[in-house]
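Peer 1: Mind having a look at this structure? Questions to follow.
The values are calculated or read from the model by the stated rules, or taken from the named source; none is laboratory data. Because the structure is predicted, anything quoted here is derived from the model rather than measured. Quick reminder, even Gly has a Cβ in these numbers, built from the backbone with ideal geometry, and neighbours come from all protein chains shown.
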Amino acid sequence: DGGITQSPKYLFRKEGQNVTLSCEQNLNHDAMYWYRQDPGQGLRLIYYSQIVNDFQKGDIAEGYSVSREKKESFPLTVTSAQKNPTAFYLCASTTGTITGELFFGEGSRLTVL
Amino acid sequence: GQQVMQIPQYQHVQEGEDFTTYCNSSTTLSNIQWYKQRPGGHPVFLIQLVKSGEVKKQKRLTFQFGEAKKNSSLHITATQTTDVGTYFCAGYRSGSARQLTFGSGTQLTVLP
């Protein structure tokens with residue numbers, strides 16, 4: 001089945017630690033996205049990538065980093081510089097069309113202790 | 001930057017009542033999309049509107065895109081308990097096709 005796989009589903013970390021969230025897609029989509037969702041809030045864009053080896057900052061990129069070495073993979077690192085990292089993180093992808101719909105993974109819930 | 005506002009933030013309705021959520025953008029949108037997120041789940045695409053003044057229907061759901069392409073609405077007729085969830089609008093800025101901005105969402109509760 002084609003889709004987007006995020007792992008881990010739940011993650012706990014201590015303050016001061018970096019953590020990397022995995023996002024893999026087998027939809028052959030060019031563009032991939034990372035969103036953050038806080039309770040009762042909408043989705044805020046962290047980073048997006050339109051093509052391999054290229055990515056752009058979204059509205060809340062500070063304290064996060066990404067890479068796009070392969071078309072299928074777009075991992076997100078939450079660094080210790082992110083002041084409020086506890087959140088639900090959603091990865092999404094879309095085709096190369098100019099206004100494609102997003103397909104989301106099931107999300108990763110990060111809790112910082 | 002672009003802002004997409006959505007109202008109301010929460011809505012409780014009795015099963016069988018109608019429901020409407022409204023979406024307003026500070027800038028003109030090239031299109032608007034609607035997503036539904038069930039409790040504990042991830043957003044799932046419902047529909048996309050592209051043309052000014054466009055109206056689309058999916059069974060009990062009616063979606064509208066404003067004439068100025070800056071606002072949109074989702075109307076559900078005769079809600080059912082399966083309609084529970086958060087409804088988000090999202091828009092691509094005109095001239096900035098790859099950055100999809102989401103509204104804050106409307107959380108719908110349907111009381112049996």
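Peer 1: Looking only at the stretch B:22-55, which residues are β-branched (Val, Ile, Thr), surrounded by 13 or more Cβ atoms within 10 Å (Cβ to Cβ) and farther than 25 Å from A:Ser93 by Cβ?
Peer 2: Narrowing the stretch B:22-55 to residues β-branched (Val, Ile, Thr): B:27-28, B:32, B:44, B:47, B:50, B:55.
Those left that are additionally surrounded by 13 or more Cβ atoms within 10 Å (Cβ to Cβ): B:27-28, B:32, B:44, B:47, B:50.
B:Thr28, the sole residue that qualifies.
Peer 1: I would also like to ask the following. Would you point out the residue of the stretch A:55-105, among those that are over 24 Å from B:Arg93 (Cβ atoms) and of a type in the set (Lys, Arg), that is farthest from the chain's Cα centre (by Cα)?
Peer 2: A:Lys83
Peer 1: Mind checking which residues of the stretch B:46-69 are outside any strand (DSSP E or B) and farther than 16 Å from B:Leu100 by Cβ?
Peer 2: So the first thing to find is which residues in the stretch B:46-69 are outside any strand (DSSP E or B), and the list is B:50-54, B:59-60, B:66-69.
Hits for the stretch B:46-69 are B:Lys51, B:Ser52, B:Gly53, B:Glu54, B:Lys59, B:Arg60, B:Gly66, B:Glu67, B:Ala68.
Peer 1: Of the residues B:Phe65, B:Phe19, which single one is buried (at least 19 other Cβ atoms within 10 Å of the Cβ) and more than 14 Å from chain A (Cβ to nearest Cβ)? Write out each step before concluding.
Peer 2: On the way: B:Phe65 fails: more than 14 Å from chain A (Cβ to nearest Cβ).
Matching residue, one of B:Phe65, B:Phe19: B:Phe19.
Peer 1: Another one. State whether the residues of the stretch B:91-101 include one that is free of Cβ contacts under 8 Å to residues at least 40 places away in the same chain and among the aromatic types (Phe, Trp, Tyr).
Peer 2: No, there is no match, as no residue in the stretch B:91-101 is free of Cβ contacts under 8 Å to residues at least 40 places away in the same chain and among the aromatic types (Phe, Trp, Tyr).
Peer 1: Here's something else I'd like to know. Just need a number here: residues in the stretch A:31-50 that are more than 7 Å from every other protein chain (Cβ to nearest Cβ), closer than 16 Å to A:Val66 by Cα and not small (Gly, Ala, Ser).
Peer 2: Final tally of qualifying residues: 8.
Peer 1: Somewhere in the stretch B:29-43, is a residue over 24 Å from A:Gly105 (Cα atoms) and at pLDDT below 95? Give the steps one after another, and end with the answer.
Peer 2: Of the residues in the stretch B:29-43, the ones over 24 Å from A:Gly105 (Cα atoms) are B:29-30.
The next check asks that each one be at pLDDT below 95; those that pass are B:29-30.
Checked the stretch B:29-43: at least one residue is over 24 Å from A:Gly105 (Cα atoms) and at pLDDT below 95.
Peer 1: With the requirement that a residue be within 14 Å of the chain's Cα centre (by Cα) and under 16 Å from B:Arg60 (Cα atoms), what does the stretch B:1-38 give you?
Peer 2: B:Phe19, B:Thr20, B:Thr21, B:Trp34, B:Tyr35, B:Lys36
Peer 1: Additional query: How about the stretch B:32-62: which of its residues are away from every other protein chain (no Cβ under 12 Å) and free of Cβ contacts under 8 Å to residues at least 12 places away in the same chain?
Peer 2: B:Glu54, B:Val55, B:Lys56, B:Lys57, B:Lys59
Peer 1: Continuing with this model, one more query. Quick one: which residue in B:Ser72, B:Ser25 is at pLDDT 95 or above, touching a Gly at 6+ places or on another chain (Cβ under 7 Å) and among the hydroxyl-bearing types (Ser, Thr, Tyr)?
Peer 2: Numbers: B:Ser25 fails: at pLDDT 95 or above.
The conditions single out B:Ser72.
Peer 1: Every residue in the stretch A:74-113 that is more than 11 Å from chain B (Cβ to nearest Cβ), buried (at least 17 other Cβ atoms within 10 Å of the Cβ) and of a type in the set (S, T, N, Q), please.
Peer 2: A:Gln82, A:Ser93
Peer 1: Mind listing just one residue for me: the one in the stretch A:1-12 that is part of a loop (DSSP other than H, G, I, E, B) and touching a residue at least 40 places away in the same chain (Cβ under 8 Å) and, of those, surrounded by the fewest Cβ atoms within 10 Å (Cβ to Cβ)?
Peer 2: So in the stretch A:1-12, the residues part of a loop (DSSP other than H, G, I, E, B) come out as A:1-3, A:8-9.
Narrowing the set further to residues that are touching a residue at least 40 places away in the same chain (Cβ under 8 Å) leaves A:3, A:8-9.
Details: A:Gly3: 13, A:Pro8: 12, A:Lys9: 10.
Going through the qualifying residues, I end up with A:Lys9.
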